[in-house]
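Have a look at the structure below before the remarks.
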Amino acid sequence: MSTQKRKTKTIKLLLWGLFVVGLYVGLYIGEKPLVHWTAQGGWTFIGPIAIAFLFSFVHGHFTGEFWDWLGIKPKLSGDKK
Amino acid sequence: MESLPTNFIDLYFLNVLYLFLVGFVGGLVSGFIGSGGAFVLTPAMMSLGVPGIVAVASNMCHKFPKALVGSLKRAKFGQVDWKLGIIFGLFAEIGVLIGAQVQEHIRNTFGDAGSNLYVSLAFVLILGTVGSFVLYDALKSRKDSNSDTEEKTGKLARWVQSIHIPYTMVYFKSLKAKVSLLFILPLGVATGMLAATIAVGGFIGVPGMMYVLGAPSLMASATELVVAFVMGLGGTIKFAWSGYVDIRLAMIILAGSLFGVQLGAIGTTYVKPYMIKLVMGTIMVIVLFSRALMVPVYLSQLEMIATLDKGLVEILSTVSFAIMVFALSFGAVIILGAMWRGRRA
């Protein structure tokens with residue numbers, strides 16, 4: 001991998017990592033009101049679902065970049081056993 | 001100071017780390033075989049003092065986003081049949097509703113012990129029959145020198161694909177054939193019922209897609225992630241509507257499981273197809289022993305056999321949970337080992 005490519009990948013990883021940290025710090029700080037709000041039942045069911053989608057989007061990107069950055073990539077069909 | 005709702009526990013660093021790690025291993029197995037990571041999470045949360053219903057609800061709320069990320073990842077490798085996954089998932093939702101009703105009826109009639117006995121017997125029966133068959137087939141495929149080439153469609157699947165029922169035929173790319181929806185309906189319902197009972201519908205869903213419909217194991221396990229997403233989303237709506245989801249637990253487990261599910265998905269590109277069956281069959285057979293150990297405990301609680309000593313009950317419960325954790329960890333080790341060998345090759 002060229003140095004430039006590696007640098008871009010590192011920046012992308014750090015950016016997604018920053019978003020993930022932001023989300024989890026937010027969850028930690030707002031723990032009690034958030035838990036109360038999402039546990040009310042009824043139409044607030046949208047809360048846990050929206051949060052789950054948001055976390056999966058951000059953290060999903062981060063974890064994808066993480067393994068890629070470590071060099072753990074899928075084996076392409078062309079070189080499959 | 002505002003306190004947490006009464007049925008939600010306080011979280012500490014070690015609890016969080018424990019859930020993160022269990023989430024990672026569960027995600028790894030799910031990313032690889034399409035399912036199977038969830039069954040250990042509910043007891044793991046309950047061991048921290050989380051009430052059963054909150055554990056089930058929070059597990060469900062982490063399951064659907066994990067399955068979504070896993071299926072999107074595996075779709076990039078061309079392993080997902082979205083159409084089959086969504087149709088199967090919708091049928092599975094019906095199964096979840098029926099399964100939940102059956103559970104409720106058993107709990108109301110026979111109490112918690114009766115419900116636990118039913119769950120354990122379902123584990124033993126399904127894992128004993130389907131799990132042994134999957135493991136046998138995996139070992140047979142392993143011996144076959146051509147196992148890395150395209151998998152052969154079995155007799156049952158060829159028969160299912162040959163049946164033409166007007167107005168119900170749908171083409172699926174994973175099967176490279178048209179199959180009647182009337183064959184998918186019972187499989188989906190059974191998958192949903194199992195998911196509502198033991199939290200892992202994939203132990204019927206994946207073998208069903210492989211042996212009854214004729215999907216290759218890689219596509220079946222990847223498509224099961226779509227089914228898990230549909231079922232998980234439906235289940236989360238149901239539980240969140242009643243206010244049972246502890247969003248903190250769900251997001252902590254998700255933090256670990258997304259690392260795992262991505263790695264498990266990548267792992268599928270390194271291994272021969274029989275490895276999916278091998279990991280699934282092995283986990284199923286080991287878990288079978290875990291649940292079988294608990295059967296005498298519930299029988300004794302229902303006074304169907306002599307009352308067991310309190311110490312013995314505790315030992316059996318601990319050993320049962322340990323075997324479950326071992327099953328999942330053993331599956332994870334096989335996956336990581338296979339990936340390691342694949343990368344070196």
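A short reminder: the numbers here are calculations on the coordinates, not readings from a lab. Since the structure is predicted, the reported quantities are computational estimates derived from the model, not experimental observations. Reconstructed Cβ throughout: ideal geometry from the backbone, glycine too, with neighbour counts over all protein chains shown.
Each pair of Cα atoms in the protein assembly as shown enters the Kirkwood radius, and Stokes-Einstein at 37 °C and 0.692 mPa s then converts it into a translational diffusion coefficient of 149 µm²/s. Mean projected area of the Cα convex hull of segment B:300-345, taken over all directions, amounts to 4.1 nm².
Would segment B:193-281 count as rounded, prolate or oblate if I go by the C-alpha gyration tensor, calling it rounded below 1.5 in a/c and otherwise prolate when a/b exceeds b/c, oblate otherwise? Cα axes put segment B:193-281 in the oblate bin.
For helix B:310-344, report the angle its Cα long axis makes with the longest principal axis of the Cα atoms of chain B; keep it between 0 and 90° and round to the nearest 10°. Taking the Cα atoms of chain B, the angle to B:310-344 is about 30 degrees. Compared with the rule-of-thumb size 2.2 N^0.38 Å for a compact globular protein, segment A:3-72 has a Cα radius of gyration ratio of 1.41. Dipole size of chain B about its Cα centre, with +1 on Lys/Arg Cβ and -1 on Asp/Glu Cβ: approximately 1400 debye, rounded to the nearest 20.
Once both labels are positioned 7 Å from their Cα atoms along Cα-to-Cβ, the gap between B:PHE330 and B:TYR12 label points is 3.2 nm. Each of B:SER162 and B:ASN108 was given a label point 7 Å from its Cα along the Cα-to-Cβ line. The distance between the two points is 4.6 nm.
For segment B:83-190, the list of trypsin sites (Lys or Arg not before Pro) that fall in a loop by DSSP and count at most 16 other C-beta atoms within 10 angstrom reads B:LYS152, B:LYS173, B:LYS176.
Nearest 10 degrees, 0 to 90: what angle lies between the long axis of helix A:3-29 and the longest principal axis of chain A (Cα atoms)? Between the helix axis and the principal axis of chain A, the angle is about 10 degrees.
Normalised by the number of residues in chain B, the average gap of Cα pairs under 8 Å and 6 or more apart makes the relative contact order 34 percent. Averaging 1/r over every pair of different alpha carbons in segment B:45-165 and inverting the result gives a Kirkwood radius of 18.5 Å. Nearest 10 degrees is fine. How inclined is helix B:217-241 to the longest principal axis of chain B, computing both from alpha carbons? Between helix and principal axis, roughly 40 degrees. Ignoring the sites themselves, what is the longest stretch of chain B with no GluC sites (Glu not before Pro) in a DSSP loop and at most 14 other beta-carbon atoms within 10 Å? The answer is B:151-302. Between B:LEU121 and B:VAL313, residue separation times 0.36 nm minus the direct Cα-Cα distance comes to 67.4 nm. When you filter the chymotrypsin sites (Phe, Trp or Tyr not before Pro) in segment B:113-175 for DSSP loop state and at most 12 other Cβ atoms inside 10 Å of their Cβ, you are left with B:TYR167. Which of the pairs B:LYS76/B:LYS176; B:LYS76/B:LYS155; B:LYS143/B:LYS178; A:LYS5/B:LYS277 have their Cα atoms more than 26 Å apart in this structure? Over 26 Å Cα-Cα: B:LYS76/B:LYS155; B:LYS143/B:LYS178; A:LYS5/B:LYS277.
Computed across chain B, the Kirkwood radius stands at 20.3 Å (inverse of mean 1/r, all Cα pairs).
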